[in-house]
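Notes follow the structure.
We did not get these values from a lab; they are worked out from the coordinates using the rules stated. Model, not experiment: these values are computed from the prediction. Cβ atoms come from the backbone with ideal geometry, glycine included; neighbour counts cover every protein chain shown.
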Amino acid sequence: MTQQGQAAMQALIALFERDGYLRVEPPVLQPADTFIELSGEDIRRRLFITETQNGEELCLRPEFTIPVCRDHLAHHGGSPASYSYLGPVFRQRPGESGEFLQAGIESLGRRDMNAADAEIIALALEGLSTLGAGRMSVTFSDMGILAAIIEALNIPPQARRRILRAVISGKDLSSLIQAEPSGLSDHAGLLKAIEGLEPQAAKAMVEDLLSIAGIASIGGRKPGDIAARFLARASDQSGVPREALEIVEAYLTISGDPDQSLAEIGKLGRKAGLDIHKALDTFEERTGFMAARGLDIKSFSFSARFARNLDYYTGFIFEIGNPECKNGKPVVGGGRYDGLVQHLGATEPTPAVGCSFWLDRLPGAAS
């Protein structure tokens, strides 16, 4: 890295530390199963994976958020803390280096969540200015509003997850329309019992039932394989009523500046008779905190269909970039992930929000 690049990196970390984000560097080797479980099996082909003598799969860290949260739990438990980082991450990327620099910040445990969201995006924009980036555009959404709409429509938990996965993956929702059940009616009691459980917990319950029944294998398949197959079939039957899906699709068409978008979402909620006031209040309060920080809110672009391809986001999400950046890809991305720290072992929900800088996409920043 040139002296100019090093100076830019030092200035970025100094900015983060100025606002109380302590610099940390989690271990490069991380348990692979955590990333696969939270980001889906598709990420496996992008990881650099090795195996211990005990058969545990480890990977070179593909990002910092999960490793930072793991370290936070190990050293601080549930206490609020803010972290910054700068270091290499490793992912298989066709046509690009598998090792690249990433910087970022994570705010864990703050209860003034809307103020924390505003702080993160303000620091992201200030950080880009520190790195000499030109004018950037901000695209954002709110997974909390989507979740509130789905909940208000009384969509079954299994189908809710399918909708969220479809949105995150950018897939068409038409395949989720409710169909007549086929082949699983004899297991209605079990389906009811696992309804609402997280995938891992549901799989464990089915495995336990097979074990209690003394079933070691069927056709060469072990209980884990049988459970996974059953749950996949059950998921396929968890459709969504057409009327409910039409409301979700109507929400996904909404875009514009924050104020305009908030008004359109409110109008949709009133027309459909949905109680989503709490989510709308959160949206409005967050926007107010951003404006109070002097951010040009009118230039921000809300898109209900915008999503980041990670399952752990629960609220405000955003990306920052411009067409001149490498391959036109965003240079900063982040959002709120309130369930992640508890999923990793915290005893209670921990509010969390952060963002990462892809430094190799900024001309000259990491050179």
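Among the residues of segment 137-154, which ones are in contact with a helix residue (DSSP H, G or I) (Cβ under 6 Å, 6 or more places away or on another chain) and either in a loop (DSSP other than H, G, I, E, B) or surrounded by fewer than 19 Cβ atoms within 10 Å (Cβ to Cβ) (or both)?
Hit for segment 137-154 is L153, nothing else.
Results for (1) closer than 23 Å to G127 by Cβ; (2) of a type in the set (D, E), shown as yes or no for each residue.
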{"site": "T253", "(1), (2)": "no, no"}
{"site": "K278", "(1), (2)": "no, no"}
{"site": "D296", "(1), (2)": "yes, yes"}
{"site": "F316", "(1), (2)": "yes, no"}
{"site": "G328", "(1), (2)": "yes, no"}
{"site": "V332", "(1), (2)": "yes, no"}
{"site": "Y337", "(1), (2)": "yes, no"}
{"site": "L340", "(1), (2)": "yes, no"}
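Spot the failing condition for R308; the list is (1) within 25 Å of C355 (Cα to Cα); (2) among the charged types (D, E, K, R); (3) in contact (Cβ under 8 Å) with a residue 40 or more places away in the chain; (4) touching a Leu at 6+ places or on another chain (Cβ under 9 Å), and only one is missed.
Of everything listed in (1) within 25 Å of C355 (Cα to Cα); (2) among the charged types (D, E, K, R); (3) in contact (Cβ under 8 Å) with a residue 40 or more places away in the chain; (4) touching a Leu at 6+ places or on another chain (Cβ under 9 Å), R308 misses just condition (4).
Do any helices (runs of 4 or more DSSP H) entirely within segment 1-103 hold 2 or more residues that are in contact (Cβ under 8 Å) with a residue 24 or more places away in the chain and under 25 Å from L362 (Cα atoms), and if so, which?
In segment 1-103, the matching helices (runs of 4 or more DSSP H) lie at 3-18, 65-76.
Note down all Cβ pairs under 8 Å where the first residue falls in segment 239-261 and is at positive phi, the second is surrounded by 14 or more Cβ atoms within 10 Å (Cβ to Cβ), and they're at least six residues apart or on different chains.
Listed pairs, sorted by first residue: G256/E264; G256/S301; G256/F302.
Kindly provide the set of residues from segment 28-55 that are in contact with a Lys or Arg (Cβ under 9 Å, 6 or more places away or on another chain) and either surrounded by fewer than 11 Cβ atoms within 10 Å (Cβ to Cβ) or of a type in the set (K, R) (or both), ordered by number.
Residue satisfying the conditions is R46 alone.
Which condition from (1) touching a Pro at 6+ places or on another chain (Cβ under 6 Å); (2) in contact (Cβ under 8 Å) with a residue 12 or more places away in the chain; (3) of a type outside the set (G, A, S); (4) farther than 30 Å from R270 by Cβ is the one that I297 breaks?
Condition (4) is where I297 drops out.
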